[in-house]
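Heads up, the thing below is written out as structure tokens.
The values are calculated or read from the model by the stated rules, or taken from the named source; none is laboratory data. These figures come from a predicted structure and were not determined experimentally. We place every Cβ from the backbone using ideal geometry, glycine too, and count neighbours over all the protein chains shown. Note: accessible area is taken over every heavy atom of the protein model, side chains too, but ligands, DNA and RNA are not part of it. Shrake-Rupley method; radii C 1.70, N 1.55, O 1.52, S 1.80 Å.
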Amino acid sequence: MRILISNDDGYLAPGIEALAAALAPIADIMVCAPDSNRSGSSNSLTLDRPLIIYRAANGFHSVNGTPSDCVHIALTGGFDFKPDLVVSGINQGQNMGDDTLYSGTVAAATEGYLFGLPAIAFSQVQHGWAHLDGAARFAREFIEHGLPDLPKPFLLNVNIPNLPYDELKPAVATRLGKRHVSEPVIRTKDPHGREIFWIGPAGAAKDASEGTDFHATSLGHVSVTPLQIDLTHSQHLPLLRKAMP
Ligand code: MN
């Protein structure tokens, strides 16, 4: 098996290093990730400047672009490497509920999915990289024990509680929860007295009911959510048809 690995925390992040180390014994791997932290970059592609691939001493590749750029380049001629699977992560911090729309981790996997490949995004629920070895071991076993029997391509969003491996509860299939709207923007001053703004933190969970990713991980389970990219609002479509002049 050949696995393309990316992330949005940058090619130097502990999470991608742990993921690559965990998967190298079971697959041919290629690592291509942004040269800096591009968390929150969603599915953006860089169209206004050229992209350069650098090869680091450890064999990882970095790109001066987004996670989607990295996977896009890798799948469209940047390397002589045809992956069977695209894996993203392990992200520092959860990507659950509405986070998935903003996530560069999910976006890197999505880019593989859009090119017809099975793809998996792995995130650790709490920041801080604690028990990263456990998350990496889970990721390896999830892939090594055979991917779920789903029509291909599929896109899976996996969130792993920050617990020692032995304390992780079994993986469960979930739906995305929902969040309240984000906290307000933070208005402050820079050292020159100019008004500046920081995007506020994500909102608290609004739907963390049973069956959601929020609920599963709060109980210590690994959450696995199948994602799709069809944004059509199927219930609004017939209503809109009727409402059209
Ligand atoms: Mn990130």
Selection within the stretch 203-227 - without any contact (Cβ under 8 Å) to a residue 60 or more places away in the chain, polar (S, T, N, Q) and surrounded by 14 or more Cβ atoms within 10 Å (Cβ to Cβ): SER218
Criterion: surrounded by fewer than 22 Cβ atoms within 10 Å (Cβ to Cβ), over 28 Å from LEU231 (Cα atoms) and of a type outside the set (Asp, Glu) - qualifying residue of LEU19, LEU47, LEU23, LEU51: LEU51
Candidate set from the stretch 97-112 (those that are outside any helix (DSSP H, G or I) and either open to solvent by 10 Å² or more (accessible area, probe 1.4 Å) or more than 13 Å from the ligand (Cβ to nearest atom) (or both)); member that is nearest to LEU156 (Cα to Cα): GLY97
Top-ranked residue of the stretch 174-185 - restricted to ones that are of a type outside the set (Val, Ile, Thr), modelled with pLDDT of 95 or more and open to solvent by less than 90 Å² (accessible area, probe 1.4 Å), ranked as nearest to ALA136 (Cα to Cα): LEU176
Residue identified as of a type in the set (Gly, Ala, Ser) and in a strand (DSSP E or B) among ALA171, ALA216, ALA202: ALA171
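Being in contact (Cβ under 8 Å) with a residue 12 or more places away in the chain and within 16 Å of the ligand (Cβ to nearest atom) narrows it down to one residue among ALA74, ALA27, ALA56, ALA18; which is it?
None of the others qualify; the one that does is ALA18.
Every residue, every condition in (1) under 30 Å from GLY211 (Cα atoms); (2) under 14 Å from the mean Cα position of the chain (by Cα); (3) not basic (Lys, Arg), yes or no:
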{"site": "SER6", "(1), (2), (3)": "yes, yes, yes"}
{"site": "PRO25", "(1), (2), (3)": "no, no, yes"}
{"site": "ASP28", "(1), (2), (3)": "no, no, yes"}
{"site": "ALA33", "(1), (2), (3)": "no, yes, yes"}
{"site": "CYS70", "(1), (2), (3)": "no, yes, yes"}
{"site": "PRO83", "(1), (2), (3)": "no, no, yes"}
{"site": "ASP99", "(1), (2), (3)": "yes, yes, yes"}
Unique residue being more than 13 Å from the ligand (Cβ to nearest atom) and among the hydrophobic types (A, V, I, L, M, F, W, C) when the list is PHE81, PHE122: PHE81
